[in-house]
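Here the structure comes first, spelled out in structure tokens, and everything after it is commentary.
Nothing in this text is a laboratory measurement; each read-out follows from the coordinates by a stated rule. Quantities reported herein were computed from a predicted structural model and do not represent experimental measurements. Cβ: placed from backbone, ideal geometry, glycine included. Neighbour counts: every protein chain shown.
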Amino acid sequence: MSKSGTRSTNLAKLGAVQEIFSAVKMYVAPPPQLSDATQKSTDENAATSRIYQIWLGSNKFLLGGRLIFGPDVRSLFLTIFMIIVPVSIFCAFVAKNLLDKFPHHLGIFILAIAITFTVYDLFLLLLTSGRDPGIIPRNEHPPEPEEDYDASTPPADWGGGQTPRLRLPRTKDIMVNGVAVKIKFCDTCMLYRPPRCSHCSICNNCVERFDHHCPWVGQCIGQRNYRYFFMFVFSTTLLCIYVFAFCWVYIKKIIEERQINVWRAMLKTPASIVLIIYTFIAVWFVGGLTAFHIYLISTNQTTYENFRYRYDSKVNPYHRGLVQNFIEIFFTSTPPSKNNFRAKVRREPIGYGDSNSAIDRDTLDANMGKGGGDLEMGSKPAWPSLGYEIPEDPEDFQGHPFEGSDTRGGIQHPRRSSWGRKSGNWEITPDIIALAAGVGGEISREKRANGVNTPPGNR
């Protein structure tokens, strides 16, 4: 069969299918209509969605979005347990027995200071763990791409008269205090990270002045909670030293009262021995961490920068001098959060064409890692989840796109109707085919009765 004959047959089949579907539309039931009260209730429910309810990060929220934690917030209970239990033992078996060991009832202050300092320590722990560490909101779309072509190249050499390809560079150079600093593009948040910002793989957020993710507090440590983190670690160190010291004071009081040696005195108070061993081990961890962060503050570094960049052999663009570095951490106002987790937003319907689609990612540079190989050259665009695939031979359509498809960008996409079904699915149930055949026969008889001739190829 010749090519013209094949095209005529295809056109005839397409015309028959269109005639059947035009007839079927007359018998398709309309979508269910919601009452005014139900529609109003649905709109109100959609409007009352809050940002923390649709948050894309891995964070956990409490009290309606007022407190934000990391995904490993359960470790916070272990940290609280490791603080409260030793202090409770100290108050019950050591501080209580020291109440009458000092003149003018000064022993009461030992117990009061221990309780007050513990409450203060737990408050700093909550401030560190339960607040926004400095999360940068994600972009819904990538930033404006740059044109990846040489301006001296004439348009005729671009290939096929196409426009130049737009790509996003992986990194950019900016100046910070006269020093060139590279900033990277975040594929997840679709933004260029500000200086000292990094993406936490645990919380799945970009955090300003990212220091590290601390599993003991279950939260990222960043610009908005670093001060409280250091104060928590420092106060925990002081609490360990306080308990350690007064356990020895109690042992010394036993030696003086009973005139016995230190070993026998220690046997008289086993709780003091346990606390001395516990605080001695703990102070090496929290004390060492305190000393390390004092060094970082004095040189204006973060833990991430210290382990990755090693400013000992490079110029630190953020170093402002010893005094100014401490002032920056402890005597400047905490910047407000860039996120209002309790803000009301309207939840948009989720479809295949979201902002993170492969078509949008095509604007990224080929050297950008995971996002660069989403579309393979020469492969057919397909949507397996929708049961739809672009045919290999475009001539089968003869320039007539399907009625339920969209031709934006030169690619035909199946559209979803308001009923939640796939308009691009051409599977027809037998009862509909039988109904369409009957209606089609009636329409043909009406046309012949009215003197309208149907082309032979469409009969």
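Determine the sum of side-chain charges near residue 327: Lys and Arg each +1, Asp and Glu each -1, restricted to other residues whose C-beta is under 15 angstrom from that of residue 327.
So the surrounding residues net to +1.
Set the bar at 21 Å for Cα to Cα. Now go through 96/252; 96/253; 60/184; 101/268; 96/268; 60/182 and name every pair that lies beyond it.
Going by Cα-Cα distance, 60/184; 60/182 fall outside the 21 Å limit.
Among 197, 91, what is the fewest-to-most ranking by other Cβ atoms within 10 Å?
91, 197
Using amide H atoms built in the peptide plane, which far-off residues or other-chain residues are under 5 Å from residue 213 H to H?
Result for residue 213 returns 221.
Assuming 0.36 nm per residue, please report the length gained on full extension of the stretch residue 268 to residue 184 beyond their Cα-Cα distance.
Contour length minus the Cα-Cα distance gives 24.1 nm.
Quick check: Cα centre of the range 47-104 to Cα centre of the range 242-295, how many Å?
25
Which far-off residues, 5 or more places away or on another chain, put their amide H under 5 Å from the one on residue 49, with H placed in the peptide plane?
Placed amide hydrogens put 345, 347 under 5 Å from residue 49.
Using a 7 Å offset from the Cα along the Cα-to-Cβ direction at both residue 54 and residue 249, what is the distance between the two label points in nm, to one decimal?
5.8
Compute the length gained on full extension between residue 257 and residue 343: take 0.36 nm times their separation in residues and subtract their Cα-Cα distance, giving the result in nm to one decimal.
24.5 nm
What residues of the range 204-223 lie in the reach of a label at residue 176, counting those whose backbone N is under 18 Å from a point 7 Å from the Cα along Cα→Cβ?
Answer for the range 204-223: 206-213, 221-223.
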